[in-house]
Amino acid sequence: MKHVFLLLLTFLPLLATAQQTPQKVRVLVLTDIENEPDDAQSMVRFLTYVNQWDVEGLIATTSVHQRNRVAPERIRRIVEAYGKVRNNLLLHEKGYPETEALLRIIKPSVAKYGMNAVGPGNDSEGSEHIISVVDKADPRPVWVPVWGGANCLAQALWKVRQTRTPDELDRFVAKLRVYTISDQDDSGPWLRKTFPNLFFIVSPGIHDRGAYEYSTWRGISGDVFPFAPGFAGPDSSIVNNAWLDANIRKNHGPLGAEHPHTVYIMEGDTPSFFNLIVNGLSVPERPDWGGWGGRYELYTPRTRKWFSEPETRPIWSDAEDQVKGKDGNYYDSNKATIWRWRQHYQNDFAARIDWTVKPYNEANHPPVAKLGHANEIRVKSGETVTLSADGSSDPDGNALTYEWIYYREAGTFESARLPIIKNKDQKVATLVVPKALVPETMHIILAVTDNGTPALTRYQRVILTVMP
Ligand SMILES: [Ca+2]
Ligand SMILES: [Ca+2]
């Protein structure tokens, strides 16, 4: 199934420039902030990375959990806290935008639930803003992480469909990249059905709404589900309130203090923007390659239900990785596609919250992962390939450790026999290329970790195309 759809995909040479500074991605967030504390949590983390993106909208919406209210004032409060620490963040990395620029793009949607807010009379500051952002003479796509309901985006697309030609509508749709944290109203299924070419990542869980426990995004901070006594896949001790109090909320300045106490799980919405973070691991246009935000494959999930309506088109949805858990057991799990990176992304957040209060030489900064060769290499079965992290460095002068990870699920090669990487914890490693019957791809992830506090990790992705 996976192979068939990959052949249908056309994509740019995405990795060719991976070792150069990539172009910033454009981001526009929809959030049902205030429905429970986790959107506010995600907004805090999001703001520590805003120097990596062109953030073009922060829109307050409704959802199934908050049907008659939108709360732009809460976004404003958190952005104002960012304003208090922006100068300090700039000591550590450049590019953090002016507070005023972020305040200007906070917009409300209509305070009505789902498709009740789509159609004549439902234009809002939020939906009009979405249209104006997409309409800009900027060829880059607009990424839309959706943390609640999607009806503000639905209204924007409804209006464009009503008022423009089919060609104009196609061009508008082609600029959007949507990731919704499940369907939190009935507009997600409508969007997918009405705009069959709309790029859409959604992890719905394997049952109808309510069964969020099955959703990929729960890997951010959830444990093994269904709960099995004695089993512990991910490390829960680094996502609980005690850890967050110690590393984010208390004695870490005004932005960290805006990260509220967890009621359900920490930051269920964060996976929607995690793969946009520039860390050398994720490639936003390739959800099937995986990253901190998880891994997703393009298919039509016919046996699953969204508000009792079957899907009729391919979407990017749940995919499983086999990952060794904290307890030594192997887990085949969609949520593991996120939790396999948990230590790395939690440490990264802690470091960036340090940046909001500490001078440069008292905080840690990520290493620079480099390869001594190209990201994409054509190899032959039986050949020995040398993998080199030559040129990797650390801005703080920290010592570096290396790990070469075979990311089996990200490639096409599905041999039962895993290739052995020799010296996989060294700067230079080797791999004997296994036998392939047809051309196959194998993904090897270089993870470079420093010995600062907290330890930080950056990546490079090597894609081997194996010729028979
Ligand atoms: Ca939410
Ligand atoms: Ca460092």
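The values are calculated or read from the model by the stated rules, or taken from the named source; none is laboratory data. Just so we're clear, the structure is a prediction, and the values are computed from it rather than from any experiment. Counting neighbours? That spans all protein chains shown, and the Cβs are built from the backbone with ideal geometry, glycine included. Protein only, heavy atoms only, side chains kept; ligands, DNA and RNA dropped before computing areas. Shrake-Rupley method; radii C 1.70, N 1.55, O 1.52, S 1.80 Å.
Things worth noting here:
Condition check ((1) under 22 Å from Asn275 (Cβ atoms); (2) in contact with a strand residue (DSSP E or B) (Cβ under 9 Å, 6 or more places away or on another chain); (3) not assigned by TED's automatic domain parsing to the domain that holds Thr48) across all residues:
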site: Asp327; (1), (2), (3): no, no, no
site: Tyr330; (1), (2), (3): no, yes, no
site: Asn334; (1), (2), (3): yes, yes, no
site: Thr337; (1), (2), (3): yes, yes, no
site: Arg340; (1), (2), (3): yes, yes, no
site: Arg352; (1), (2), (3): yes, no, yes
site: Pro359; (1), (2), (3): no, no, yes
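- The residue that is most open to solvent (accessible area, probe 1.4 Å), counting only those in region 338-388 that are acidic (Asp, Glu) and outside any loop (DSSP other than H, G, I, E, B), is Glu362.
- Taken over region 367-388, the residue count meeting the criterion of being more than 13 Å from Ala429 (Cα to Cα) and either in contact with a helix residue (DSSP H, G or I) (Cβ under 7 Å, 6 or more places away or on another chain) or away from ligand 2 (no atom under 16 Å from the Cβ) (or both) is 10.
- Qualifying residue in region 205-218 (condition: closer than 29 Å to Val110 by Cα and aliphatic (A, V, I, L, M)): yes
- Residue match in region 305-312 (condition: assigned to a loop (DSSP other than H, G, I, E, B), among the basic types (Lys, Arg), open to solvent by 10 Å² or more (accessible area, probe 1.4 Å) and modelled with pLDDT of 95 or more): no
- Condition check for Ala101: under 28 Å from Val283 (Cα atoms) and either open to solvent by less than 50 Å² (accessible area, probe 1.4 Å) or under 24 Å from the mean Cα position of the chain (by Cα) (or both): yes
- Unmet requirement for Ser282, which otherwise passes all of (1) assigned to a loop (DSSP other than H, G, I, E, B); (2) surrounded by fewer than 21 Cβ atoms within 10 Å (Cβ to Cβ): (2)
- Residue match in region 273-288 (condition: modelled with pLDDT of 95 or more and among the basic types (Lys, Arg)): yes
- Looking across region 146-169 at every residue that is outside any loop (DSSP other than H, G, I, E, B) and among the polar types (S, T, N, Q), the one that is nearest to ligand 2 (Cβ to nearest atom) is identified as Asn151.
- Among residues of region 389-418 being more than 16 Å from ligand 2 (Cβ to nearest atom) and open to solvent by less than 20 Å² (accessible area, probe 1.4 Å), the one that is farthest from Ile338 (Cα to Cα) is Phe413.
Residues checked against (1) open to solvent by 10 Å² or more (accessible area, probe 1.4 Å); (2) outside any helix (DSSP H, G or I):
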residue	(1), (2)
Asn68	yes, yes
Arg74	yes, no
Arg77	yes, no
Tyr82	no, no
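- Leu437 being part of a loop (DSSP other than H, G, I, E, B) and under 16 Å from Pro468 (Cα atoms): yes
- Test result for Ala111, part of a loop (DSSP other than H, G, I, E, B), modelled with pLDDT of 95 or more, closer than 20 Å to Leu28 by Cβ and hydrophobic (A, V, I, L, M, F, W, C): yes
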